[in-house]
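S.K.: Sharing a structure, written as structure tokens. Questions coming.
The values are calculated or read from the model by the stated rules, or taken from the named source; none is laboratory data. Remember, it's a predicted structure, so these values are computed and weren't measured experimentally. Note: ideal-geometry Cβ built from the backbone for every residue, glycine included; neighbour counts use all protein chains shown.
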Amino acid sequence: MYDLSIRLENRPGAMADMGEALGKAGISVEGGGVFVENGVGVAHFLFEDGRAATQALRDAGITVDSYKKVLLQRLKQDVPGQLGKLTRQMADAGVNIEVMYSDHDHQLVLVVDKVELGEKVSAAWKEANN
């Protein structure tokens with residue numbers, strides 16, 4: 001799975017343009033969100049095929065700043081402190097979390113600066129928490 005960092009105009013219809021371009025290309029959004037920061041729409045959305053999503057959006061004139069492989073992690077929602085424990089383990093390993101959100105399957109999506117190291121931390125978390 002891949003996270004795309006997408007810039008959207010801060011205007012009515014910008015999200016519709018994005019959604020229509022993806023729909024026309026047969027590409028589903030698997031999770032994500034969008035915020036307006038300093039007058040610019042900043043979106044992070046999750047896709048199974050990051051390259052295809054990037055191409056579809058760029059073909060529609062929508063700016064894709066990057067696409068990055070993500071870590072997917074399931075937390076025990078009924079156990080307080082799970083987020084703090086997982087993110088502390090990432091920090092202690094020297095992994096910086098750049099973006100975090102949830103997917104449509106209730107998994108935590110992490111975009112990190114050191115994917116391979118983050119994958120090791122994530123695998124250890126899964127092993128210890130299943």
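S.K.: Quick check: anything in region 64-79 modelled with pLDDT under 95 and among the hydrophobic types (A, V, I, L, M, F, W, C)?
M.R.: Within region 64-79 (the criterion being modelled with pLDDT under 95 and among the hydrophobic types (A, V, I, L, M, F, W, C)), the answer is yes, since at least one residue qualifies.
S.K.: Follow-up question, since we're still on this one. Taking the criterion of being over 18 Å from Val111 (Cα atoms), modelled with pLDDT under 95, small (Gly, Ala, Ser) and in contact with a Phe, Trp or Tyr (Cβ under 9 Å, 6 or more places away or on another chain), would at least one residue in region 20-34 satisfy it?
M.R.: In the first step, residues of region 20-34 are kept if they are over 18 Å from Val111 (Cα atoms); the result is 20-28.
Narrowing further to those that are modelled with pLDDT under 95: none.
No, region 20-34 contains no residue that is over 18 Å from Val111 (Cα atoms), modelled with pLDDT under 95, small (Gly, Ala, Ser) and in contact with a Phe, Trp or Tyr (Cβ under 9 Å, 6 or more places away or on another chain).
S.K.: Can you find a residue in region 35-45 that is in a strand (DSSP E or B) and touching a residue at least 40 places away in the same chain (Cβ under 8 Å)?
M.R.: Going through region 35-45, the residues in a strand (DSSP E or B) turn out to be 35-37, 40-45.
From what's left, touching a residue at least 40 places away in the same chain (Cβ under 8 Å): 44-45.
The answer is yes; a qualifying residue exists.
S.K.: Please work out which residue is surrounded by the most Cβ atoms within 10 Å (Cβ to Cβ), limiting yourself to region 80-98 and to residues that are outside any helix (DSSP H, G or I) and either at pLDDT 95 or above or of a type in the set (Asp, Glu) (or both). Walk me through how you get there before you give the answer.
M.R.: As a first pass, look at region 80-98 and keep what is outside any helix (DSSP H, G or I): 80-81, 93-98.
After this cut, where a residue has to be either at pLDDT 95 or above or of a type in the set (Asp, Glu) (or both) as well, the list is 93-98.
Details: Ala93: 14, Gly94: 11, Val95: 23, Asn96: 11, Ile97: 15, Glu98: 14.
Among them, the one singled out is Val95.
S.K.: State yes or no: is Ala52 under 13 Å from Tyr101 (Cβ atoms) and outside the structural domain of Asp103 (by TED's automatic domain parsing)?
M.R.: Details: under 13 Å from Tyr101 (Cβ atoms): no; outside the structural domain of Asp103 (by TED's automatic domain parsing): yes.
Taking the combined requirement at face value, the residue does not satisfy it.
S.K.: Let me ask something additional. When region 56-79 is examined, which residues are found to be in a helix (DSSP H, G or I) and more than 15 Å from Val29 (Cβ to Cβ)? Reasoning before the result, please.
M.R.: Taking region 56-79 first, the residues in a helix (DSSP H, G or I) are 56-59.
If the condition is that a residue be in a helix (DSSP H, G or I) and more than 15 Å from Val29 (Cβ to Cβ), then Arg58, Asp59 are the ones that fit.
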